[in-house]
Amino acid sequence: MIEITALASSSKGNCYRITDGHTPLLLECGINYRDIQKGFDFRMSEVAGCLISHEHGDHCKSIKDVLKAGIDVYTSHGTAEALGIEHHRIKRVRAKEQFQLGTWTILPFDVQHDVSEPLGFLLANLAGDKLIFATDTYYIKYKFQGITHIMVEANYSMDKLNENILNGRTPAVMKKRLLRSHFSLENVKEFLMANDLSKVQEIWLLHLSDSNSDEAMFKREIMELTGKMVIIPQG
């Protein structure tokens, strides 16, 4: 069993609570620490660790508070360097080198974003459930077997982006950055179709753009494509 709770999922902040019923984890900490505490019912001492994908503030805003609370933070060498924080609870991990965290086996993998050394994470529990977490990337080059839960960024759609540029709602200069840093709906579809979805129970679409996405359309199209339950967290 994997239980996912989204505390925040947008360009303003990203933070998720993940548990297999034994080991609660914090994925990203890009919101105020007080809101993280509320999301965990103030039982922060039970949190086995925090995984951070990269150094942008909407993913790691509360890292100092998390460290102060005695929670180990797992992130890449590049992200740790970019954050410039020296702390004994920052655990540097490498892509494709798995590690244990309570009842979880975690495999970091490299993703594509305009930062130092961004990571995605594959989390497996003792029951055989597997969760893939990938955000802020324009491409995922790996294929995964036996995934049961997918948490993946669906930041924008090309049609919506082009329409907004034509109408002057989105500056044209934004397009180049988005194409090289964020996952589009079109790329999400390609990623899903390239992977084994036979065991998938839930697909979570994360980090939707306020202006270049369409929640109802994204949900409908991914459900039609996969036949799976699709969840889009609010904010």
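With respect to the numbered conditions (1) over 13 Å from the mean Cα position of the chain (by Cα); (2) farther than 19 Å from GLY78 by Cβ; (3) free of Cβ contacts under 8 Å to residues at least 60 places away in the same chain, which one is the sole condition not fulfilled by HIS22? Unmet condition: (3).
For the range 77-89, name all the residues that are of a type in the set (Asp, Glu) and in a helix (DSSP H, G or I). Matches in the range 77-89: GLU81 only.
Determine, yes or no, whether VAL152 is among the hydrophobic types (A, V, I, L, M, F, W, C), at pLDDT 95 or above, surrounded by 15 or more Cβ atoms within 10 Å (Cβ to Cβ) and in a loop (DSSP other than H, G, I, E, B). So VAL152 fails the test. Is the range 42-50 home to any residue that is closer than 24 Å to SER116 by Cα, crowded, with 18+ Cβ neighbours inside 10 Å and within 14 Å of the chain's Cα centre (by Cα)? Yes, the conditions are met somewhere in the range 42-50. Scanning the range 166-176 for residues that are assigned to a helix (DSSP H, G or I) and either among the hydrophobic types (A, V, I, L, M, F, W, C) or surrounded by fewer than 13 Cβ atoms within 10 Å (Cβ to Cβ) (or both) gives LEU166, ALA172, VAL173, MET174, LYS176. Selection of the range 124-144 for residues being more than 15 Å from the chain's Cα centre (by Cα) and either farther than 15 Å from LEU27 by Cβ or assigned to a loop (DSSP other than H, G, I, E, B) (or both) yields ASN125, LEU126, ALA127, GLY128, ASP129, LYS141, TYR142, LYS143, PHE144.
Which of the residues spanning the range 191-210 are outside any strand (DSSP E or B), surrounded by 13 or more Cβ atoms within 10 Å (Cβ to Cβ) and not aliphatic (A, V, I, L, M)? Answer for the range 191-210, where residues must be outside any strand (DSSP E or B), surrounded by 13 or more Cβ atoms within 10 Å (Cβ to Cβ) and not aliphatic (A, V, I, L, M): PHE191, ASN195, LYS199, GLN201, HIS207, SER209.
Taken as a whole, the range 52-75 holds at least one residue that is surrounded by 15 or more Cβ atoms within 10 Å (Cβ to Cβ), among the hydroxyl-bearing types (Ser, Thr, Tyr), in contact with a Lys or Arg (Cβ under 8 Å, 6 or more places away or on another chain) and closer than 27 Å to ASN155 by Cα. Can you tell me which residue in the range 95-118 is surrounded by the fewest Cβ atoms within 10 Å (Cβ to Cβ), limited to those that are of a type in the set (A, V, I, L, M) and closer than 15 Å to GLU153 by Cβ? Applying the filter and picking the extreme gives VAL115.
If you check ILE165, ILE85, ILE147 for being under 21 Å from LEU25 (Cβ atoms) and at pLDDT below 95, only one passes: ILE85. Here PHE121 meets the list (1) touching a Pro at 6+ places or on another chain (Cβ under 9 Å); (2) crowded, with 21+ Cβ neighbours inside 10 Å; (3) part of a loop (DSSP other than H, G, I, E, B); (4) not hydroxyl-bearing (Ser, Thr, Tyr) almost entirely, failing just condition (3).
Can you name the number of the only condition in (1) assigned to a loop (DSSP other than H, G, I, E, B); (2) surrounded by fewer than 15 Cβ atoms within 10 Å (Cβ to Cβ) that GLU163 fails? Tallying (1) assigned to a loop (DSSP other than H, G, I, E, B); (2) surrounded by fewer than 15 Cβ atoms within 10 Å (Cβ to Cβ), GLU163 fails exactly one: (1).
When the range 212-230 is filtered for residues that are surrounded by 13 or more Cβ atoms within 10 Å (Cβ to Cβ) and more than 17 Å from LYS130 (Cβ to Cβ), the ones remaining, listed by number, are ASN212, SER213, ASP214, MET217, PHE218, LYS219, GLU221, ILE222, MET223, LEU225, VAL230.
The rows are residues; the columns are (1) in contact with a strand residue (DSSP E or B) (Cβ under 8 Å, 6 or more places away or on another chain); (2) part of a loop (DSSP other than H, G, I, E, B).
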| residue | (1), (2) |
| --- | --- |
| ASP35 | yes, no |
| PHE42 | no, yes |
| HIS54 | yes, yes |
| ASP58 | yes, no |
| LYS64 | no, no |
| THR75 | yes, no |
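Screening LYS160 on (1) at pLDDT below 85; (2) of a type outside the set (Ser, Thr, Tyr); (3) under 28 Å from GLY84 (Cβ atoms) shows it passes everything except condition (3).
The values are calculated or read from the model by the stated rules, or taken from the named source; none is laboratory data. Just so we're clear, the structure is a prediction, and the values are computed from it rather than from any experiment. Virtual Cβ from ideal backbone geometry, glycine too; neighbours counted across all protein chains shown.
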